[in-house]
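Report on the following structure.
The values are calculated or read from the model by the stated rules, or taken from the named source; none is laboratory data. Here the structure is a predicted model, which means the values were calculated and not measured. Positions of Cβ are generated from backbone atoms using ideal geometry, with glycine treated the same way; all protein chains shown enter the neighbour counts. Note: accessible area is taken over every heavy atom of the protein model, side chains too, but ligands, DNA and RNA are not part of it. Shrake-Rupley method; radii C 1.70, N 1.55, O 1.52, S 1.80 Å.
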Amino acid sequence: MAAHGSGERSLDAMTVGERGIIASLDCEPTIARRLMELGLTPGTVVELIRRAPLGDPLEITVRGVHLWLRRSEASRIDVSPA
Amino acid sequence: MSRPPEAPPRRIAILGNPNAGKSTLFNALTGLRQKVGNYPGVTVEKKTGMIDLPSGRRAEVVDLPGSYSLQPASPDEMIVRDVLLGLQSDTPPPDLIVFVVDATNLDRHMYLALQVVELGRPMLLVLNMMDAAAALSMRIDTVALERQLGVPVVGISAAKGEGLDALRAMMDRDVEPSTRHFREWPAHLMRVIDRLERRLPERADLPQRARRDVAVAMLLDRGEDDALARHVPADALQDARMLAHRLDEFSPNWRSGDVTGRYDAISALVAESVSAPPGERRDTRSEAIDRVLTHRVWGPIIFVVLMGAVFQSVFAWAQPLMDLIDWAVSAVGSMLGQAMPPGALRSLLVDGVIAGVGTTLTFVPQIAILFLFLSLLEDSGYMARAAFIMDRVMAKVGLSGRSFIPLLSSFACAIPGIMATRSIDNRRDRITTIMIAPFMSCSARLPVYALIIGAFVPNRWVGFLTLPGITLFAMYFIGIVAAVAVAWALKRTVLRGGPPLYVMELPPYRRPSLRSVLTTVRERSLLFTRNAGTVILLITVVLWFLASYPKGSEAVRAIEAQRVAALQAGDTAQARALELRVAGTNLEQSFAGRAGRFIEPAIAPLGFDWRIGIGLITSLAAREVMVATMATVFNIGSADEDVHPLRQSLRDAVDTRTGLKAYTPLTGLSLMVFYVLACQCMSTLAVVRRETNSWRWPIFMLVMMNSLAWLASFAVYQGGRALGYGG
Ligand SMILES: Nc1nc2c(ncn2[C@@H]2O[C@H](COP(=O)(O)OP(=O)(O)OP(=O)(O)O)[C@@H](O)[C@H]2O)c(=O)[nH]1
């Protein structure tokens, strides 16, 4: 991952129980659009709830909804500290 | 209640996010007056039901698949978009959209609702789960919502049946469509959309009011939108792709501007109309359950125990029911047999039709019991957790966690397993899962394995295991390895596609409603008997014919004469033996028997002779029929009560040309490997045909599996001989 400004890092790098604010989605455009339609728009608060028993996927909550997504996507979502 | 009989029913579509409670509402409104079918050409299920509105007018209600967006990401969502835009020729756009949202989660559920409001069609917004909202002390100002959205709003609780009368009354009224829009396209994007809209041909299948939405869809499409390709000329799509490309360079975020616009509108909407107690709304109960059920250690353990219990129940509970059905079917058969004079018609009815009905019905207990558990797991919310736990494992073969349970179910029987793949939203993953499901050794293979292991594998201890046990395990293992290999190959060739997005909602845990669980069980069982059942019946009758005709050859008549002579001499034992020989010789000389000989050159390299060939052919009805066929071929009557004489016959069988033993342990191994991999179950093919809505996939399955089986058995037999294990 490239260096991030002002404490930004990827969703994947957060610790369990930590919250952040979505800064940007650097995924393939249709995937980015889909994730945003599911509520992961920039400026939204996300919380990393847990990692699956085998380390992947990740459970997050966003806009009151619990979702799981794979690390491959999570690593392309940048968050800034809440 | 007097109404003009010719009044066409009002068309109403129920729509909403997954888990909004659409099915619960649909069931509550229609009761059991439902019809389940498929949308033509796709694998998406179409559920419709009739209701009587308060005025006496009738309405046809369609339960559309749950969706997140009108920009489709799955076949289900594509259907929803097509129905709403009027692109779906068999389902005209509804007169009224009943949009269902989870009132406790407007933040997310309103996204699709706003998209649908923007379509400018008559619509009602139904706030479902008002009971749950009340429990959270939320208050929702429906008047404010109506004002902001421009559509009527009603609060209900579908599960408790509250508010349904008010809803029915509203469904009866004519509704003015809303004119609201919640996002503005920037001017440069507007120009592009206008330009694409003008490129669209004037065609009946492109309704005027859908043209703008079609233009937007064209711009956002990345070549995966099959429906667009049907309605829009290829050069216009090409144009759209080029324009999208240019936009990408010019304003990178153009694709999602409308998404943020709508979510901003939702925040404002919710702030004005929802008052919730201060502090964060969290479902603490679900979170507490999840701390156990998806725990790093307990999660997988509970998962394994739960799956074991489900699997065991399907096995254990289905068996007595299947035996009961078997018993009832053969009772009907023998009653009919006694009532009718012997002859072709009796044989057709008893051995063809009734046996075919029996085969179909014996699948029903497994289907019913499996779907009982699956819908309990699904409706309680556990299914999404199971996929969460297993995703990593399934990702290794290019699938996702959702494929796990259908594959596990296939160890009992591939038919309910394949039917369970409906919960997989990614089309390519679903087809891959269907294609590999029959490699899981199902319970119908067990009698065949047992026969062959019993005949050829010595009961020796190897460490703390027995050789038969190891062999049986190896057969299951070979199936799994083949499944992994085929999944891997399919995902890299015919089922390759763009980067998939695996994301799944973890809904709050809810107590499943018995009614909806039972509806699912009933629906699945009926669907199977009605659709696959007819095919299975037909095939059984054809196989019956092949195994019974032509009758009464010279050889048979000669044995028959001996039998009569023995009977007259009072030698009943001899007469019985000769009777079995009549049956054996009849089978041998039937079309199936001749086919067995005909295919012998093809299966000889696998170590099989024509007698096994007959077994392979009759196995097409169901794998376990192999055992009965071999018993007939070897003139030992039924193998039901005692399989030992048949095992002995297999060991002693002699190759008439060489005078040597016909079968060796190596033949047995080769035959078992063949049964692991070969597609011999016509019922499976009938279900694949129904679930994929095409003949392409069942034919592919048949060819692929049988080629694989032949090659593997060839490798086993010829390899074994080369290593000196042939004798
Ligand atoms: N508390 C409460 N629960 C409800 C209500 N309506 C539905 N549910 C529950 O919500 C869950 C989801 O309901 P479904 O009817 O399966 O939802 P759906 O929208 O059809 O979902 P999909 O089939 O996934 O598209 C089930 O567990 C229902 O029992 C309600 O009014 N109140």
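Quick notes on this structure:
- Taking every residue in the range B:285-301 that is more than 10 Å from chain A (Cβ to nearest Cβ) and pairing it with any residue that is surrounded by fewer than 16 Cβ atoms within 10 Å (Cβ to Cβ), at least 6 positions away or on another chain, the pairs with Cβ-Cβ distances below 8 Å are B:Val292/B:Trp298.
- Whichever residue in the range B:497-518 is within 16 Å of the ligand (Cβ to nearest atom) and modelled with pLDDT under 85 and, among such residues, is nearest to the chain's Cα centre (by Cα): B:Ser516
- Residue ranges of helices (runs of 4 or more DSSP H) in the range B:148-245 with at least 2 members modelled with pLDDT under 85: B:187-199, B:211-220, B:226-231
- Checking each residue in the range B:142-154 for being within 16 Å of the ligand (Cβ to nearest atom) and open to solvent by 30 Å² or more (accessible area, probe 1.4 Å) picks out only B:Thr142.
- Evaluation of B:Asp76 against the conditions (1) more than 15 Å from the ligand (Cβ to nearest atom); (2) open to solvent by 10 Å² or more (accessible area, probe 1.4 Å); (3) within 30 Å of B:Ala265 (Cα to Cα) shows that the sole unmet condition is (1).
- Of the listed requirements (1) within 15 Å of the ligand (Cβ to nearest atom); (2) closer than 30 Å to B:Val542 by Cβ; (3) free of Cβ contacts under 8 Å to residues at least 60 places away in the same chain, B:Gln338 misses just one: (1).
- Qualifying residue in the range B:123-141 (condition: more than 16 Å from the ligand (Cβ to nearest atom), away from chain A (no Cβ under 14 Å), touching a residue at least 60 places away in the same chain (Cβ under 8 Å) and buried (at least 22 other Cβ atoms within 10 Å of the Cβ)): no
- Counted residues, the range A:32-62 - those being among the charged types (D, E, K, R) and either in contact with a strand residue (DSSP E or B) (Cβ under 6 Å, 6 or more places away or on another chain) or part of a loop (DSSP other than H, G, I, E, B) (or both): 5
- Filtering the range A:15-26 to residues that are surrounded by 21 or more Cβ atoms within 10 Å (Cβ to Cβ), within 13 Å of another protein chain (Cβ to nearest Cβ) and in contact with a Lys or Arg (Cβ under 9 Å, 6 or more places away or on another chain) leaves only A:Leu25.
- Considering residues of the range B:342-394 that are within 13 Å of chain A (Cβ to nearest Cβ) and without any contact (Cβ under 8 Å) to a residue 12 or more places away in the chain only, the residue farthest from B:Arg623 (Cα to Cα): B:Arg392
- Restricting the range B:274-295 to residues that are in a loop (DSSP other than H, G, I, E, B) and at pLDDT 90 or above, the residue that is most open to solvent (accessible area, probe 1.4 Å): B:His295
- Condition met for B:Ala7 (small (Gly, Ala, Ser) and either surrounded by 20 or more Cβ atoms within 10 Å (Cβ to Cβ) or within 15 Å of the ligand (Cβ to nearest atom) (or both)): no
- Residue match in the range A:54-72 (condition: more than 13 Å from chain B (Cβ to nearest Cβ), surrounded by 18 or more Cβ atoms within 10 Å (Cβ to Cβ) and not β-branched (Val, Ile, Thr)): no
- A search for C-beta distances below 7 Å between a residue of the range B:547-565 that is touching a residue at least 60 places away in the same chain (Cβ under 8 Å) and any residue that is open to solvent by less than 50 Å² (accessible area, probe 1.4 Å) and of a type in the set (Ser, Thr, Tyr), counting only pairs 6+ apart in sequence or on different chains, returns B:Ala547/B:Ser590; B:Ala547/B:Thr618; B:Ser548/B:Ser347; B:Ser548/B:Ser590.
- Residue that is surrounded by the most Cβ atoms within 10 Å (Cβ to Cβ), among those in the range B:155-199 that are acidic (Asp, Glu) and over 23 Å from B:Ser251 (Cα atoms): B:Asp172
- Segments classed as helices (runs of 4 or more DSSP H), wholly inside the range B:347-421, with at least 3 members that are within 16 Å of the ligand (Cβ to nearest atom) and open to solvent by 10 Å² or more (accessible area, probe 1.4 Å): B:355-380
- Applying the set (1) farther than 18 Å from B:Arg427 by Cα; (2) open to solvent by 80 Å² or more (accessible area, probe 1.4 Å); (3) away from the ligand (no atom under 16 Å from the Cβ) to B:Val494 leaves exactly one unmet item: (1).
- When residues of the range A:28-50 are limited to those that are more than 8 Å from chain B (Cβ to nearest Cβ) and crowded, with 21+ Cβ neighbours inside 10 Å, the one nearest to B:Asp248 (Cα to Cα): A:Leu40
- Test: residue in the range A:5-14 that is over 10 Å from the mean Cα position of the chain (by Cα) and at the interface with chain B (Cβ under 10 Å from one of its Cβ atoms): no
- Looking at B:Ser694, B:Ser683, just one residue is at pLDDT 80 or above, among the small types (Gly, Ala, Ser) and assigned to a loop (DSSP other than H, G, I, E, B), and that residue is B:Ser694.
- Residue in the range B:306-315 that is β-branched (Val, Ile, Thr) and within 13 Å of chain A (Cβ to nearest Cβ) present: no
- Applying the set (1) more than 14 Å from chain A (Cβ to nearest Cβ); (2) surrounded by 23 or more Cβ atoms within 10 Å (Cβ to Cβ) to B:Asn38 leaves exactly one unmet item: (2).
- Residue that is nearest to the ligand (Cβ to nearest atom), among those in the range B:95-105 that are in a helix (DSSP H, G or I) and either under 15 Å from B:Val80 (Cβ atoms) or open to solvent by 10 Å² or more (accessible area, probe 1.4 Å) (or both): B:Thr104
- Condition check for B:Ala547: surrounded by fewer than 18 Cβ atoms within 10 Å (Cβ to Cβ), assigned to a helix (DSSP H, G or I) and outside the structural domain of B:Ala73 (by TED's automatic domain parsing): no
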